[in-house]
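Okay, structure first, notes after.
The values are calculated or read from the model by the stated rules, or taken from the named source; none is laboratory data. None of the values given here were measured: they were computed from a predicted structure. Don't worry about glycine lacking a Cβ; one is built from the backbone with ideal geometry, like all the others, and counts go over all protein chains shown.
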Amino acid sequence: MVCDMGVRTWFYLRPRPGELRPLALGRVDDFFSRCGRLPVDEEGWVQYAEVMVLLEDRHPVEVVRLAYFQCRAHADGTLDRRHYMELMATAGEAASGALSLSEPPPGVVSAEHRFAKRRLEHLSRWKPTKAEVALLRDFVNRRAGRDLL
């Protein structure tokens with residue numbers, strides 16, 4: 001018997017605090033790649049939960065990653081590309097900052113990548129409330145047809 005395995009990513013939009021709703025992958029792709037629009041909160045953020053699910057024979061069996069992301073957007077719901085490029089630059093610093101071309105002076109610890117990682121977390125993540133986590137759990141478990149979260 002051959003077991004077909006894969007990974008699928010599910011998205012859930014947070015249009016305002018305390019509210020979550022399923023978000024189609026196509027809308028996420030459009031937002032990041034084709035000037036698509038998503039609802040923007042009062043502070044200018046598009047916030048969403050990303051749930052990566054392991055599939056066996058096309059059935060969800062495990063959540064392998066759960067993250068809560070946010071991106072700056074314009075009032076019309078399109079991605080703020082300038083802010084997004086800043087975010088990507090910070091991600092590069094956080095990932096490769098430890099790969100310095102020169103050694104720091106004796107007694108100095110190179111910590112730029114650690115600061116970049118903290119800045120990246122602050123720029124790109126949001127923290128859900130307990131009620132939002134419970135709502136997401138209900139969505140994910142209902143879609144999976146079993147308890148995954």
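Of note:
- Residue ID - nearest to Val46 (Cα to Cα), chosen from residues in the range 122-136 that are out of contact with any Phe, Trp or Tyr (no Cβ under 7 Å at 6 or more places or on another chain) and surrounded by 15 or more Cβ atoms within 10 Å (Cβ to Cβ): Leu123
- Tabulated pairs, the range 135-149, first without any contact (Cβ under 8 Å) to a residue 24 or more places away in the chain and in a helix (DSSP H, G or I), second loosely packed, with under 15 Cβ neighbours inside 10 Å and among the charged types (D, E, K, R), C-beta under 9 angstrom, 6+ apart or interchain: Arg137/Asp147; Asn141/Asp147
- Taking the range 14-56 as the range and being aliphatic (A, V, I, L, M) and within 23 Å of Asp147 (Cβ to Cβ) as the test, the residues that pass are Leu20, Leu23, Ala49, Val51, Met52, Val53, Leu54, Leu55.
- The range 40-75: number of residues that are closer than 24 Å to Gly18 by Cβ, surrounded by 12 or more Cβ atoms within 10 Å (Cβ to Cβ) and charged (D, E, K, R): 3
- Residue pairs meeting the criteria (Cβ under 9 Å; at least 6 apart or on separate chains; first surrounded by fewer than 15 Cβ atoms within 10 Å (Cβ to Cβ), in the range 76-88; second among the basic types (Lys, Arg) and part of a loop (DSSP other than H, G, I, E, B)): Asp76/Arg37; Gly77/Arg37
- Pick from the range 109-120, criterion at pLDDT 65 or above and closer than 30 Å to Pro39 by Cβ, ranking: surrounded by the most Cβ atoms within 10 Å (Cβ to Cβ): Lys117
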